[in-house]
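Below is one structure, written out as structure tokens; the observations come after it.
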Number of protein chains: 4
Amino acid sequence: MSSRLNVAVVGAGYWGPNLARNFRASVDWNLAAICDLDIERARRVSDSVGGVHVTPDLGEVLADTAIDAVAVATPARTHHPIVLAALEAGKNVLVEKPLADSAALGAEMVASARERGLVLMADHTYCYTPAVLKIRELVEQGFLGDILFVDSVRINLGLIQPDVDVLWDLAPHDLSIMDFVLPAGLDADAVAAHGADPLGTGKACIGYLTMPLRNGAIAHVHVNWLSPTKIRQMVIGGTRRTLVWDDLNPQQRLSVYDRGVDLQLQSKATADARAANVSYRLGDTWAPALPEGEALASVAAEFAGAIRDKRPARTSGEAGLRVLAVLEAATASLAEGGAPIRIAVRDRERTLVP
Amino acid sequence: MSSRLNVAVVGAGYWGPNLARNFRASVDWNLAAICDLDIERARRVSDSVGGVHVTPDLGEVLADTAIDAVAVATPARTHHPIVLAALEAGKNVLVEKPLADSAALGAEMVASARERGLVLMADHTYCYTPAVLKIRELVEQGFLGDILFVDSVRINLGLIQPDVDVLWDLAPHDLSIMDFVLPAGLDADAVAAHGADPLGTGKACIGYLTMPLRNGAIAHVHVNWLSPTKIRQMVIGGTRRTLVWDDLNPQQRLSVYDRGVDLQLQSKATADARAANVSYRLGDTWAPALPEGEALASVAAEFAGAIRDKRPARTSGEAGLRVLAVLEAATASLAEGGAPIRIAVRDRERTLVP
Amino acid sequence: MSSRLNVAVVGAGYWGPNLARNFRASVDWNLAAICDLDIERARRVSDSVGGVHVTPDLGEVLADTAIDAVAVATPARTHHPIVLAALEAGKNVLVEKPLADSAALGAEMVASARERGLVLMADHTYCYTPAVLKIRELVEQGFLGDILFVDSVRINLGLIQPDVDVLWDLAPHDLSIMDFVLPAGLDADAVAAHGADPLGTGKACIGYLTMPLRNGAIAHVHVNWLSPTKIRQMVIGGTRRTLVWDDLNPQQRLSVYDRGVDLQLQSKATADARAANVSYRLGDTWAPALPEGEALASVAAEFAGAIRDKRPARTSGEAGLRVLAVLEAATASLAEGGAPIRIAVRDRERTLVP
Amino acid sequence: MSSRLNVAVVGAGYWGPNLARNFRASVDWNLAAICDLDIERARRVSDSVGGVHVTPDLGEVLADTAIDAVAVATPARTHHPIVLAALEAGKNVLVEKPLADSAALGAEMVASARERGLVLMADHTYCYTPAVLKIRELVEQGFLGDILFVDSVRINLGLIQPDVDVLWDLAPHDLSIMDFVLPAGLDADAVAAHGADPLGTGKACIGYLTMPLRNGAIAHVHVNWLSPTKIRQMVIGGTRRTLVWDDLNPQQRLSVYDRGVDLQLQSKATADARAANVSYRLGDTWAPALPEGEALASVAAEFAGAIRDKRPARTSGEAGLRVLAVLEAATASLAEGGAPIRIAVRDRERTLVP
């Protein structure tokens, strides 16, 4: 199947133009239409990519049998009806984060796609940056050993959003990346969320998420709209090596430390003896070269690849659902003063995804 | 009172030699004796400071009416009996962290000193570094405005301790500094602690503490023994300015950002309207020059000053007790899977301390 | 004079599209034409800015009396004939660096513009970045005191140019900035240039320029195509303060150090006594906030302002000539093994420019 | 020969105590005496190392046949008579930098030691730091390929010295390190020196050295007493890799970049064709782990090793002489306004040293 796939972009607001531009530039895709209720907005996007059919009518797009896929970049609360309609019309779907308003609605979307054998892909753009792709590769190859902890900080002076708190605004990036790079995905059973709203804006502007992972490991996220210094850093500690991703250091985004703590496990050792058997490795640091490349171009390629190979996308609807489930539980935890909340809706099949 | 005060150092292990050296070098003090059950160890410390009376007998030290004060650098579990005996003998006391094994024992020590009108000082050495002294001064002068959040990270490849977890090992630094610089001290009502022991050492090697502060502010501490990169950073966000303390950047340890988020408070504003009234200030950054100076020399001077002026030390026994109470509650929270635990024993009188 | 000025962009290669885009976006200008011998190239630029008249015929542009100014972005060797023709046709001219192939030709251009009362402006784009504008302002206000030294480093893995060496390729940036920010401009009498071509490419790939300035100060430039680490740093030392510009640190591009060396000057002091009277100030560091803004937009505004106010541009033809004269002398110095060479053609009138 | 060697430290001023302490702590040495005309000063050093014979009489030391070696830490102008006397008395000698006041005197000392088969070692302490030892090892193994350039910057707010300029004060560090790590040592034929004294102290406070090396490579040194920011950085560019040593970044002192510029050499290629054949490699960065270790302890060990193995020290008198010759030529170049000056006295035998 060497011909191009046809895609329509639905939603011509903030993100739609980026999708349109990347589908237009892709060898895998033919950008067939841009759909927005505000037809003027659709036209402006069309002009910016050299002209393409525009329509305010989603029904028209879904009825067009030549169209293989739709990319949905509308407000989050509209994802559920639009995506379900598209799937019912037999279209493969790429959808912006968050997948839906709630995990229950998201689960419906995932189930519908699975039933129909269609691709439902979450546009977790950040996962397709060269740095994150390299992290996934290193973790997958066992280069870090078993994962001990993941700690992510994403803070800056941010626009306080009218509708969502800082967790829903920023943490999806960290959560989708963790889901993408960890060998078992974001397989936490529970999450504790702590937040603060010291300016009285009515929503948390500072947030912390803690998730125990399997085998005693732990994941932690710190997001903050009120910090004048920008920090975007993720540390992934493993039994063999530790990786630090500093996204604001373009000269050395990734550093892999060949040092760590070793523990000589002896079956009958007491805790004390175990502590005594800890030793330290001080080794070299290594910073892999990263290729250049726009993440959204890789998103477009992956979407086409998944459709052609009839396989789940690397950031599947399930992945989007796992992120959504954590956010939903985090909101509940915040409401209960930080008590750990069980992550109710999850999809354990992620590990089956290649 | 211009003559020197007489002090005995009790405990000649890891920290005792530093105390002895600084008391010896101080114009406020006469180093009168070094006391350790292991008399050879005491002698080595004596030699290193040019010779001083040594004894294995604490009773002898306490019975000596010429001695005004003792500095206790023995293991934590011995602090309670030694300090109480010293106070009962009418000595002023400087004691290493943690104040005691438990908040209850610590409270007894604090009460005893208060009753007798003696100085009980916690050796929170870090508080007397030029950087922390400057932070306290800036906060006190209202330079940062009202405090919105304090976030402290202290991670490095650390020696796994045989007897304590990472919270008890590292967090006392962060907690004592927060207590020292915040206008109302460490006035949290509750703490949630999350930890992980992914190597199975029998104790947490990674720890997170979250404490809601008054007025909607929040304090957070991240300590970690398993990180190959060293980070020692504290961010203090205020309504007027935000301060970043990067202790590993000797060329610019403190940075004060004259930027932040403003909120035009209107009495009847709804939450939504409030969010809409948030605006951003982008101003200069300022890095104050810091004087040189060994923190422990300032500890010795402060101890003498408190005795002479008959006032609480700036890091009083009460401060040590507040830190201890948080650690104790944190241990309980860890045991309950991260549930927030009320900080039971606290001393609200800190704000009265000048 | 509130109506827009008409400008034609001559040369549609690498830089022309940027000029066209900025003139198009400017409230001061009407982009009237794009002229290139390669009419297809001109058309592509026209398309990218929404359509404008294109022509391969420079004569047509110069004959159009509605056109107030031309911006010349053709190869350096063509600057002289094109600019002279434009000036003779009564047009104001913005010209890319370097002004011309040689200082003698450049001087002719400057003289021609002066004679005719037309604006000849050098497109020293870097001078109009927020950082450099701020540096100029600080120096002008005497914030740094008298200038003691300027040291500029601009190194990275660079494309080895077919026609010019590293000095002609990179140093114009440093030299034009020095000319822009120093109170007396680039007023060096001589330059010594050292270079190396360790790969045998036939031209220097590493270069150093040293220029003694008035009053014992010194300027130094290090440019290097062979360095895998990128450094873009300028240090300007003054008697009152020192400024460091690190262009690769977006979080703190400018740092002003309120520290330095003081010398108590005594009229009859011997050199020894002078040395003894040196003392040190250790003060705060200050990092001014910088506004956002595209430099080329400011270039367009300055060009219009100079034409309207009938004044020299802040980066005048004379400034371009001073840079050219240094480069020419540097080439001679390189040829003579680094011997200092007198900078022959200079224009001392810079200090009269407001 | 397993017994300890006997050494006397001559000169108990600034550096003598460090020498005494390290010889005392060494398993190779017995610290036999400290000699200083100011016997009180000698006594204080003796006390600080636990007591050793002191004398004001150099003759007594040299007459003592039990003494194998002397370490000379007296003012530079006294090195020549003391070292010659020591060599004539059959002692091996470690001498502080600079070797002597002039290259001619230094050459006499080197010749005398060679004649007598004694070790004359230059105390180029910096060469024995873990970072520099690792750099030497990497260069020696061909890890960087052929050396293309060496650029060293050593600037900070420095004490203006009463007797020497900034070149003699700071550049010996850079020059001795270059001599130590470069495969052919500091084999420059000529040096051009530029300096400035903008405060009128009577000596250069800012200095630049440029030295063409063999095969078209170049070495450059920037030293500066007037900079409020401290920079200590050396970049060594090679055909295979480039190394950056940032001595103020303890977390990553050495970075090796596996990137660079490649040139496909073709025997008959013209310069233009050569330029066209340049290509770029973008590879990983690697930061070797460095062991801890006090450099002066390694100096003591190397001095003993050279004596026992009857071989030149790795920082031999010849190395000291090469550094001295560059400084002397630099002073002449400064006096002639920066004209390149032939380095007259050199010792080409360095390459024979293992």
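To keep it simple, each residue is scored yes or no on (1) modelled with pLDDT of 95 or more; (2) of a type in the set (D, E, K, R); (3) outside any helix (DSSP H, G or I).
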position: D:Ile155; (1), (2), (3): no, no, yes
position: D:Gln161; (1), (2), (3): no, no, yes
position: D:Leu167; (1), (2), (3): yes, no, no
position: D:Ile177; (1), (2), (3): yes, no, no
position: D:Ala184; (1), (2), (3): no, no, yes
position: D:Ala188; (1), (2), (3): no, no, yes
position: D:Ala192; (1), (2), (3): yes, no, yes
Original post:
When you scan the stretch D:68-88, how many residues do you find that are farther than 18 Å from D:Phe23 by Cβ and in a helix (DSSP H, G or I)?
Top reply: 10
Subject >> Every pair of residues 6+ apart whose Cβ atoms lie under 6 Å, when the first sits in the stretch D:69-90 and is free of Cβ contacts under 8 Å to residues at least 40 places away in the same chain and within 17 Å of D:His124 (Cα to Cα) while the second is among the small types (Gly, Ala, Ser) and assigned to a strand (DSSP E or B) >> reply: none
Original post:
Has the stretch C:196-216 got at least one residue that is facing chain D (nearest Cβ under 9 Å), part of a strand (DSSP E or B) and without any contact (Cβ under 8 Å) to a residue 12 or more places away in the chain?
Top reply: yes
**OP:** Please work out if C:Gly185 is of a type in the set (Gly, Ala, Ser), closer than 21 Å to D:Val223 by Cβ and in contact (Cβ under 8 Å) with a residue 40 or more places away in the chain.
**Re:** no
Original post:
Are any residues in the stretch A:234-251 within 23 Å of C:Lys230 (Cα to Cα), within 9 Å of another protein chain (Cβ to nearest Cβ) and assigned to a strand (DSSP E or B), and if so, which ones?
Top reply: A:Val244
**OP:** Could you list, in sequence order, all residues of the stretch D:137-153 that are touching a residue at least 12 places away in the same chain (Cβ under 8 Å), surrounded by fewer than 18 Cβ atoms within 10 Å (Cβ to Cβ) and assigned to a helix (DSSP H, G or I)?
**Re:** D:Glu140
**OP:** Identify all residues within the stretch A:156-172 that are more than 9 Å from chain B (Cβ to nearest Cβ) and buried (at least 22 other Cβ atoms within 10 Å of the Cβ); write none if there are none.
**Re:** A:Asp165, A:Val166, A:Leu167, A:Trp168, A:Leu170, A:Ala171, A:Pro172
Subject >> Meets criteria (under 21 Å from A:Thr125 (Cα atoms), in contact with a strand residue (DSSP E or B) (Cβ under 7 Å, 6 or more places away or on another chain) and either free of Cβ contacts under 8 Å to residues at least 60 places away in the same chain or surrounded by fewer than 20 Cβ atoms within 10 Å (Cβ to Cβ) (or both)) for A:Val45 >> reply: yes
Original post:
Quick check: anything in the stretch B:193-203 assigned by TED's automatic domain parsing to the domain that holds B:Ala339, crowded, with 18+ Cβ neighbours inside 10 Å and within 20 Å of the chain's Cα centre (by Cα)?
Top reply: yes
**OP:** Considering (1) in contact with a His (Cβ under 6 Å, 6 or more places away or on another chain); (2) closer than 28 Å to D:Gly11 by Cβ, say which one D:Ala107 fails and leave the rest.
**Re:** (1)
Original post:
What is the one condition in (1) of a type outside the set (Ser, Thr, Tyr); (2) in contact with a strand residue (DSSP E or B) (Cβ under 7 Å, 6 or more places away or on another chain); (3) in contact (Cβ under 8 Å) with a residue 60 or more places away in the chain that B:Met178 does not satisfy?
Top reply: (3)
Original post:
Tally time: how many residues in the stretch B:259-316 are surrounded by fewer than 20 Cβ atoms within 10 Å (Cβ to Cβ), of a type in the set (Gly, Ala, Ser) and at pLDDT below 95?
Top reply: 9
Original post:
Does A:Ile231 count as more than 7 Å from every other protein chain (Cβ to nearest Cβ), in contact (Cβ under 8 Å) with a residue 12 or more places away in the chain and not acidic (Asp, Glu)?
Top reply: yes
**OP:** Give the residues of the stretch D:115-130 that are outside any strand (DSSP E or B), of a type outside the set (S, T, N, Q) and under 14 Å from the mean Cα position of the chain (by Cα), sorted by residue number.
**Re:** D:Asp123, D:His124, D:Tyr126, D:Cys127, D:Tyr128
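Here is a yes/no grid of residues against (1) part of a helix (DSSP H, G or I); (2) of a type in the set (Asp, Glu); (3) at pLDDT below 95:
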| residue | (1), (2), (3) |
| --- | --- |
| C:Gly13 | no, no, yes |
| C:Ala20 | yes, no, no |
| C:Gly59 | yes, no, no |
| C:Ala66 | no, no, no |
Original post:
In the stretch C:121-136, which residues are among the hydrophobic types (A, V, I, L, M, F, W, C) and under 9 Å from C:Thr315 (Cα atoms)?
Top reply: C:Met121, C:Ala122, C:Cys127
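The values are calculated or read from the model by the stated rules, or taken from the named source; none is laboratory data. Note that the structure is a prediction, hence the values are computed from the model and not measured. FYI the Cβ positions are ideal-geometry reconstructions off the backbone, even for glycines, and counts take in every protein chain you see.
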